[in-house]
1. Run the reach check for LYS51 against aspartates and glutamates, Cα to Cα strictly under 15 Å, same-chain hits fewer than 8 apart removed. What comes back?
2. Can you compute 3J(HN,Hα) from phi for each residue in the stretch 294-308, using the Karplus curve 6.51 cos²θ - 1.76 cosθ + 1.60 with θ = phi - 60°, rounded to whole Hz and x for Gly and Pro?
3. Just to confirm a number: summing +1 for Lys and Arg and -1 for Asp and Glu over residues other than ALA266 whose beta-carbon lies under 12 angstrom from that of ALA266, what do you get?
4. Compute the angle between helix 206-219 and the longest alpha-carbon principal axis of the chain, please, reported from 0 to 90 degrees and rounded to the nearest 10.
5. Towards the positive end of the charge dipole of the chain, with charges on Cβ (+1 Lys, Arg; -1 Asp, Glu), say which of GLY263, TYR49, ILE150 has the farthest Cα.
6. What percentages, rounded to whole numbers, describe P(r) for the stretch 44-187 computed over all alpha carbon pairs with 10 Å bin width beginning at zero?
7. If you plug each phi of the stretch 254-267 into the Karplus form 6.51 cos²θ - 1.76 cosθ + 1.60 with θ = phi - 60°, what whole-Hz ³J(HN,Hα) values come out, in order, with x for Gly and Pro?
8. For Cα extents along the principal axes in Å, one of [x] 59, 45, 35; [y] 59, 58, 35; [z] 58, 45, 38 was computed from the structure I shared and the rest are decoys. Which label?
Amino acid sequence: MSTIPTTSNNVRVPYTIVGEKRSDKNLLLSPALSLLVLNRGGRPFKADYLKTLQKLGPIEILSVEGAAPGYDIEALAGRFPGVRFLLFQEDVSIGEQINIGMKEASGRNVLVIWNDMKPGYVLSPRFLKSLEEADVLCQVPVLQNNRLEIIPSIKTPAFYKKKLKVLSLMPAASMMESLYPFDYTGIYQKKRFFLTGGFDHTIKTSYWQQMDFGFRAHLWGEKIVCNTSLKVSYLEEEGLEDTTPDDSYRLFYLKNLSLRYTGDAALLSSWAVIRFYLRSGSPFFGALKDFREVKKWVGINKYRFICDALSITDLWEIKGE
């Protein structure tokens, strides 16, 4: 049986939730949107940040904590009723944190941000209605640095001399497509997220985990688009993406770039194992094990594909002309 997940509902690691769901009878916004906050950098003043988030409106807030948070979670839960904290007992990849946060969120849409980001808008019924009407897998925001300058966060794929290149563009217009949500940030439609399988926990490196999610989404006919009415700013200097090819890249390559679309299904040819072995730098039996796992996964999902990776980049270039 393949160990590559076919659904993001699969929970692989133990976790604890501290705090209770909001019980306000007039909490009209909760069914439409939840806020999932990822944490990094051990930023102080947690309480001040939570106060800022609560000013967005009556919204469910889930804060995903590390294995050993540097503050008293029980005390924070007491000060901020309605805010829930997800605590993991071991290190978990960012994508898997999001998978579990999506499972726990009650909203039909989930806004994923980091604790060093600030949304630049106040939620309203009109705004939430526009989210529902878009009906896409993910809407990415206009991202600004800590000087409120717009950064090139729209990702566009292209092949150059048979090598995949990913370009970073400025968010020029709403509905402009992006290959993946930069820094995982965006508003995800929960139902589509689950149907797409979420983030693959077997891919550990964040960059390749995001690339895998984005390619799979487009290969399966989903859309990741920019919504220019969404603005999110970094409170500190934004980090750089580590695009170094590693074990995670090899798995991404097998799942996305090695496939051939036959017109009604995806195919991973048995001959592809030789090409994969020569490129991977792994021992032969290690490469063979990975190949067999991915081949099983492709067999399960082959009819969900509507194109291959080369077709995605060709269509992207046509749309951009």
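Bear in mind these aren't lab numbers, they're just calculated from the coordinates by the rules spelled out. Here the structure is a predicted model, which is why all the values come from computation and not from measurement. Cβ placement follows ideal geometry from the backbone for every residue including glycine, while neighbour counts extend to all protein chains displayed.
1. The reachable aspartates and glutamates, counting only those whose Cα sits under 15 Å from LYS51, are GLU60, ASP116.
2. 5, 4, 5, 5, 4, x, 5, 10, 4, 7, 8, 6, 10, 6, 10
3. Net local charge, ALA266 excluded: +4.
4. Computed tilt is about 70 degrees.
5. GLY263
6. P(r) for the stretch 44-187, in whole percents per bin: 9, 34, 36, 17, 4, 0.
7. 4, 6, 10, 8, 8, 7, 10, 8, 9, x, 9, 7, 8, 9
8. Recomputing Cα extents along the principal axes in Å here gives the entry labelled [x].
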